[in-house]
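The values are calculated or read from the model by the stated rules, or taken from the named source; none is laboratory data. Since this is a predicted model, take the numbers as computed values, not measurements. Here the Cβ positions follow ideal geometry from the backbone for every residue, glycine too, while neighbour counts run over all protein chains shown.
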Amino acid sequence: MTTVNVAVLGASGWMGRVHTMAYQSFQHFFGTGQGTARVTALVEANPEAAKDLAFRAPGARIEQGWRKVVTDPEIDLIDICLPDNLHYEVAKAALLAGKHVYCEKPLADTAAQARELADIAREKGVITRVGHAFPRNPAHDRAKELIDSGALGEITMFKGCQHIDIYADPMAPYMWRADGDLAPTGIVGDTGSHVFSFMEFLVGRVSELIAENFVVTKQRPKIDGLGYGDSASDAEVTEWGQVSNPDGTHLMCRFENGARGIVDFSRTATGRKFQQSYEIYGTKGGLIYDYDQVNRLRFYAMEDAQGRQGFRDIDVGPENATFAAFLPLPNFALGYNEMKIIEVAEVIKSITSGQPMWPTFESGHHIAQMVDACMESSQKRAWVTL
Ligand SMILES: NC(=O)c1ccc[n+]([C@@H]2O[C@H](COP(=O)([O-])OP(=O)(O)OC[C@H]3O[C@@H](n4cnc5c(N)ncnc54)[C@H](O)[C@@H]3O)[C@@H](O)[C@H]2O)c1
């Protein structure tokens, strides 16, 4: 059995904790036949946040800086769970050191950076992966099977969205996500990239788009210790942070295969704690997905008999091998953390088998091209060809 030695960077953050858990969990569901993983190093810059790391991955060494770790001969896989602006620099250093790299989305700040990373990875012959976990929900494998089987006919339209409300409250605190230096593309790279990953997985590549990015609240209270879900009171604010990247985007696009798309995403959709949905229409059928029913697809087939036509619910269950690895019965539901466990299992399998699995850094580049195009289109107020 091959053991992959992993370093998780940004270990105390949300993704750092989820990934660290997933390396230690995936064997329980998928077995060790495809190899296993050992969390060898945890890197976390914030010493306060790092206090309980030793408990999370017993035996792992704990570091504050990433530079020494990415060249450490003991480490096989560098897992980047750092803020967006560090992805390119850290991934490049790790690839140049010949490491396999698994990087949280967005892969890089620009498509040019993403292209460079994909090229270095190809030259080095290493495995890469971008952390777009959502499409790894087995429901989307079923959607892809339906599309690839021709059940929808020729795809004519994709409609997709992803909305949250972390910044709906004007007094929600300033975080790195609102800082154009730390997250240059804002919601476009943060959330738009997830919708773009569904588009690439299910429909194909986009050839052109027109987008409008917008900022809803121009400044936010800067208060240490406040984060997701918090709201500052007027009395406690002494400093304001300027929101220097987009809060939301509306876009229209055309796919290479001729389909049209309408997409929107934002972090200011009041009341939408997490909305993610797509509708795909073709010449023979339609398909609808909504994260509120996370393992369910709704499928309409034009060939159904007159009087019996209508969207039918398809609950993905243990007939799907990935679902069955977790649960023996349908409708018990796989959630976000399971999607990350599936993703981590695939990363390890890719490394031990030498077979890259979607979405590699090549896909990360395609998605970064869409992010770039949104930024350019919104600035020029014009269609942009990818
Ligand atoms: N795939 C998904 O569904 C998903 C969900 C959330 C976040 N993300 C992505 O994951 C990444 C991390 O997001 P998060 O929500 O976990 O953020 P976070 O702020 O919770 O965590 C980031 C961690 O990195 C640490 N850190 C910052 N600079 C560092 C440095 N130089 N060296 C070492 N540690 C450093 C911070 O102290 C923090 O603990 C982002 O790129 C984000 O876009 C992806």
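What to note about this one:
- Of the criteria (1) within 16 Å of the ligand (Cβ to nearest atom); (2) under 18 Å from residue 83 (Cβ atoms); (3) surrounded by fewer than 18 Cβ atoms within 10 Å (Cβ to Cβ), which one residue 229 fails: (2)
- No other residue among 156, 110 is farther than 20 Å from residue 351 by Cα, touching a residue at least 40 places away in the same chain (Cβ under 8 Å), of a type in the set (S, T, N, Q) and within 16 Å of the ligand (Cβ to nearest atom) apart from 110.
- Check on residue 22, small (Gly, Ala, Ser), outside the structural domain of residue 226 (by TED's automatic domain parsing), touching a residue at least 12 places away in the same chain (Cβ under 8 Å) and under 25 Å from residue 178 (Cβ atoms): no
- Evaluated against (1) within 19 Å of the chain's Cα centre (by Cα); (2) surrounded by 18 or more Cβ atoms within 10 Å (Cβ to Cβ); (3) among the aromatic types (Phe, Trp, Tyr), residue 174 falls short on exactly one condition, (1).
- Residues (touching a Leu at 6+ places or on another chain (Cβ under 8 Å), buried (at least 21 other Cβ atoms within 10 Å of the Cβ) and not aliphatic (A, V, I, L, M)) located in the stretch 36-70: 44, 66
- Qualifying residues in the stretch 3-35 (those that are away from the ligand (no atom under 12 Å from the Cβ) and under 20 Å from residue 70 (Cα atoms)) - the one surrounded by the most Cβ atoms within 10 Å (Cβ to Cβ): 6
- Scanning the stretch 255-277 for residues that are among the aromatic types (Phe, Trp, Tyr) and touching a Cys at 6+ places or on another chain (Cβ under 8 Å) yields a count of 1.
- All positions within the stretch 341-386 that are among the aromatic types (Phe, Trp, Tyr) and surrounded by 21 or more Cβ atoms within 10 Å (Cβ to Cβ): 361
- Qualifying positions in the stretch 303-360 - over 28 Å from residue 17 (Cβ atoms), touching a strand residue (DSSP E or B) at 6+ places or on another chain (Cβ under 9 Å) and touching a residue at least 12 places away in the same chain (Cβ under 8 Å): 303, 311, 312, 313, 314, 315, 330
- Restricting attention to the stretch 289-325, the residues being crowded, with 17+ Cβ neighbours inside 10 Å, in contact with an Asp or Glu (Cβ under 7 Å, 6 or more places away or on another chain) and in a strand (DSSP E or B) number 1.
- Cβ pairs under 6 Å, 6+ apart, first in the stretch 279-291 and without any contact (Cβ under 8 Å) to a residue 40 or more places away in the chain, second of a type in the set (Ser, Thr, Tyr) and in a strand (DSSP E or B): 290/277
- In the set 121, 133, 94, 143, only one residue is under 16 Å from the mean Cα position of the chain (by Cα), buried (at least 20 other Cβ atoms within 10 Å of the Cβ) and of a type in the set (Gly, Ala, Ser); that residue is 133.
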